[in-house]
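In what follows, a single structure is set out as structure tokens and then discussed.
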Amino acid sequence: MPTDPASLPIGLEHSFDKEVKLEYTIAFHDSRLPPVLSTPAMIGMMEVAAAKAVAPNLAPGEITVGTRIEVDHLKACTPGARVRVWARYEGANGRFLSFEVTAHCGESLIGRGHVFRAIVDPSRHGRKP
């Protein structure tokens with residue numbers, strides 16, 4: 001039976017640390033740009049934290065996929081530094097799950113905002129009805 005988004009407990013959280021590697025920087029894609037953590041890489045980490053926050057509460061085989069992001073990238077973080085990302089489940093609006101997310105580099109808040117995800121069955125995801 002599919003998971004009812006309204007049944008997920010508010011407050012589910014997940015966080016993890018990750019070292020900033022050169023391939024996570026914007027300079028990796030364009031050497032004219034500074035070697036700092038790219039916004040897409042930071043958002044990707046935030047989405048992983050959000051997915052992992054609710055994963056243990058989903059029905060077997062279900063996953064979540066990103067549907068929307070509202071994130072501010074506030075400060076730079078250089079290769080070799082560690083980024084700590086955190087996500088907290090805030091609730092559902094229909095089939096869409098909302099998460100508060102943050103990213104820190106050391107003591108500095110480098111990103112904050114919200115990501116939105118939907119529960120899907122990967123065997124059916126992408127198929128037209």
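The values are calculated or read from the model by the stated rules, or taken from the named source; none is laboratory data. Remember, predicted model here, so these are calculated numbers, not experimental data. Glycine gets a Cβ as well: all are built from the backbone with ideal geometry, and neighbour counts include every protein chain shown.
Does the range 78-89 include one or more residues that are more than 15 Å from Ala103 (Cβ to Cβ), surrounded by fewer than 18 Cβ atoms within 10 Å (Cβ to Cβ) and more than 12 Å from the chain's Cα centre (by Cα)? Yes, because at least one residue in the range 78-89 is more than 15 Å from Ala103 (Cβ to Cβ), surrounded by fewer than 18 Cβ atoms within 10 Å (Cβ to Cβ) and more than 12 Å from the chain's Cα centre (by Cα).
Filter the range 49-77 down to the residues that are polar (S, T, N, Q) and either in contact with a helix residue (DSSP H, G or I) (Cβ under 7 Å, 6 or more places away or on another chain) or not in a strand (DSSP E or B) (or both), then identify the one that is nearest to Asp121 (Cα to Cα). Looking at residues that are polar (S, T, N, Q) and either in contact with a helix residue (DSSP H, G or I) (Cβ under 7 Å, 6 or more places away or on another chain) or not in a strand (DSSP E or B) (or both), I get Thr64. From the list Asp17, Asp72, Asp30, the lone residue that is more than 23 Å from Ser108 (Cα to Cα) and either among the charged types (D, E, K, R) or surrounded by 13 or more Cβ atoms within 10 Å (Cβ to Cβ) (or both) is Asp30.
Taking the residues in the range 20-50 that are touching a residue at least 12 places away in the same chain (Cβ under 8 Å) and not aliphatic (A, V, I, L, M) as candidates, determine which candidate is farthest from Ala76 (Cα to Cα).
Glu47
Results for (1) touching a helix residue (DSSP H, G or I) at 6+ places or on another chain (Cβ under 7 Å); (2) assigned to a strand (DSSP E or B); (3) modelled with pLDDT under 95, shown as yes or no for each residue.
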{"residue": "Gly11", "(1), (2), (3)": "no, no, no"}
{"residue": "Pro40", "(1), (2), (3)": "no, no, no"}
{"residue": "Pro79", "(1), (2), (3)": "yes, no, no"}
{"residue": "Val83", "(1), (2), (3)": "yes, yes, no"}
{"residue": "Glu100", "(1), (2), (3)": "no, yes, no"}
